[in-house]
Amino acid sequence: MNIAIVGTGYVGLVTGTCLADFGNHVICVDIDEKKVEMMREGHVPIYEPGLEEVFLRNIKANRIEFTTNIKDALDVCDVVFLALPTPPGEDGSADLSYVIGVANQIGELMTSYKVIVNKSTVPVGTADKVHEVIASKTTIKFDVVSNPEFLREGYAVQDFMKPSRVVVGTSSQKALDMMNRIYKPLTEAGIPVIAMDEKSSELTKYAANSFLATKITFMNEVANFCELVGADVDKVRLGMGSDDRIGNRFLFPGIGYGGSCFPKDVKALVKSGKQENYQFKVLEAVEEVNQTQKVILVPAIKEYLGGSLQGKKIAMWGLAFKENTDDIREASSLDMIEELTNQGASVIAYDSAAMPNVKRAIGDKIEYGDDMYEILNDADVLLVVTEWSEFRNPKYEVIAEKLKNKAIFDGRNLYDLEVLEEKGFFYKSIGRKTVLPNT
């Protein structure tokens, strides 16, 4: 099948590459000429483990190509996926200007029946808006489908190739049949395609992400309470997760959620509720708690350093919002940096993937290092922000030698309490006892 992907960001490029790997001919469309040329030359413009191998395989097989001309794609493709940004506005609502803009182009340029697939995360009712916009420009038959993505950054290729389900929202049997053809490689492997109406499909994405954000936030609240009463959140987590009604995923406490999906989708669902005179009280609390959680270690660092951060140097391991990505959108690291520097501290950071993005975002507000151990030189304490695998088994003797104080503040609970106690560190994590030296 000939498929067009409009937008080659994170979702679009992964979707296009994987659909090409299913044997389809895919044309990826993007307005960024430099980016298109880069992809034509075989370079992946985003950081995503495992994507480059599939990308290059399909370029070699001539199953994927790139263009800035949407008409070229519309002339030969029957199915058009919209993988466009829907950034949050100041009020939290999703900005649909990119989606509506492309819908106008499609209406003006298409010459035969098309299935227009919203892959972007969009508010309930967007399929109807897209249909209305296209219909205002043409009398040619077409259908609009909602097909939300459920890709985790760092695991996106795996998630696309082996999803738990595929959600397709459409009121057209013809469009559903075409979507079933596209996803046949998955259904043949036993993965279900769940068909529903467009509005239910659109809400499914927001509801799923908001629920997961709530689950994370609830566990963070439990972790904070554990510290007050002397319980261990790791043991509580295991006890909870063994209940199959709850499950063991998204129960790991830390310094809040971030990234491109959870913060944006929670805000958008809250805003959508307000537009219908409905208040999502739980989600409003989730937002409030998460914002506090992002900087929850700062007061502990300040207390350890004698009540003031003025003139103190903080070494930070990790900048990305999670491991295996260079994404810093809504990352806890940025909130930490803001809070620490506002109180007079300096920060030097290391991240194997995200430093260029942080440099573009905040410039020389902090220092950057090329080695995780070198940034410890003369730092007062170490703050662990991202759960990169290279941070999980560090050389404790090197940390102790380089830091002014043998003190680690761990926002991701990477280290064993007994090991840190044995090695004489001060160690503060989330929801567990604080390890004091020589105790």
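Observations, loosely collected:
- Entirely in the range 294-399, the helices (runs of 4 or more DSSP H) that have 3 or more residues that are in contact (Cβ under 8 Å) with a residue 12 or more places away in the chain, within 30 Å of Glu52 (Cα to Cα) and open to solvent by 30 Å² or more (accessible area, probe 1.4 Å): 355-362
- Answer from Lys267, Lys174, Lys271, Lys215 - the residue that is charged (D, E, K, R), in contact (Cβ under 8 Å) with a residue 12 or more places away in the chain and in contact with a helix residue (DSSP H, G or I) (Cβ under 8 Å, 6 or more places away or on another chain): Lys267
- Among the residues of the range 54-69, at least one is closer than 26 Å to Phe321 by Cβ and at pLDDT 95 or above.
- Every pair of residues 6+ apart whose Cβ atoms lie under 7 Å, when the first sits in the range 79-96 and is closer than 30 Å to Tyr183 by Cβ and touching a residue at least 12 places away in the same chain (Cβ under 8 Å) while the second is assigned to a loop (DSSP other than H, G, I, E, B) and polar (S, T, N, Q): Leu82/Ser120; Ala83/Ser120; Leu84/Ser120; Thr86/Ser120; Thr86/Thr121; Ala94/Thr86; Leu96/Thr86
- The single residue among Val222, Val270, Val286 that is surrounded by fewer than 20 Cβ atoms within 10 Å (Cβ to Cβ) and part of a helix (DSSP H, G or I) turns out to be Val222.
- The residue that is surrounded by the most Cβ atoms within 10 Å (Cβ to Cβ), among those in the range 116-131 that are among the hydrophobic types (A, V, I, L, M, F, W, C) and over 24 Å from the mean Cα position of the chain (by Cα), is Val130.
- Scanning the range 154-175 for any residue that is in a loop (DSSP other than H, G, I, E, B), in contact with a Lys or Arg (Cβ under 7 Å, 6 or more places away or on another chain) and over 21 Å from Leu203 (Cα atoms) turns up at least one such residue.
A quick yes/no check of all residues on (1) touching a helix residue (DSSP H, G or I) at 6+ places or on another chain (Cβ under 8 Å); (2) not small (Gly, Ala, Ser):
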| residue | (1), (2) |
| --- | --- |
| Asp21 | yes, yes |
| Val26 | yes, yes |
| Gly42 | yes, no |
| Val76 | no, yes |
| Leu82 | yes, yes |
| Pro88 | yes, yes |
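- Single residue of Val29, Val6, Val80, Val14 found to be crowded, with 20+ Cβ neighbours inside 10 Å, under 25 Å from Glu188 (Cα atoms) and more than 19 Å from the chain's Cα centre (by Cα): Val80
- When the strands (runs of 3 or more DSSP E) confined to the range 1-69 are screened for residues that are basic (Lys, Arg) and in contact (Cβ under 8 Å) with a residue 12 or more places away in the chain, none reaches at least 1 such residues.
- Flag for Ser308 being over 25 Å from the mean Cα position of the chain (by Cα) and among the small types (Gly, Ala, Ser): yes
- For beta carbons closer than 8 Å, sequence separation of 6+ or different chains, a first residue in the range 132-147 that is touching a residue at least 60 places away in the same chain (Cβ under 8 Å) and a second that is open to solvent by less than 30 Å² (accessible area, probe 1.4 Å) and among the basic types (Lys, Arg), the qualifying pairs are Asn147/Lys119.
- Flag if Lys406 is out of contact with any Pro (no Cβ under 9 Å at 6 or more places or on another chain), open to solvent by 30 Å² or more (accessible area, probe 1.4 Å) and among the basic types (Lys, Arg): no
- Of all the listed residues (Val229, Val157, Val236), the sole one being open to solvent by less than 40 Å² (accessible area, probe 1.4 Å), at negative phi and either out of contact with any strand residue (DSSP E or B) (no Cβ under 6 Å at 6 or more places or on another chain) or at pLDDT 95 or above (or both) is Val157.
Yes or no, residue by residue, for (1) hydroxyl-bearing (Ser, Thr, Tyr); (2) part of a helix (DSSP H, G or I); (3) touching a Ser or Thr at 6+ places or on another chain (Cβ under 8 Å):
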{"site": "Arg181", "(1), (2), (3)": "no, yes, no"}
{"site": "Ile191", "(1), (2), (3)": "no, no, yes"}
{"site": "Pro263", "(1), (2), (3)": "no, yes, no"}
{"site": "Val266", "(1), (2), (3)": "no, yes, yes"}
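The values are calculated or read from the model by the stated rules, or taken from the named source; none is laboratory data. Just so it is clear, the structure is predicted and the values come from calculations on it, not from any experiment. Here Cβ is always computed from backbone atoms with ideal geometry, including for glycine, and neighbour counts include all displayed protein chains. Each accessible area value is taken on the protein alone, full model and side chains, heavy atoms only, with ligands, DNA and RNA left out. Shrake-Rupley method; radii C 1.70, N 1.55, O 1.52, S 1.80 Å.
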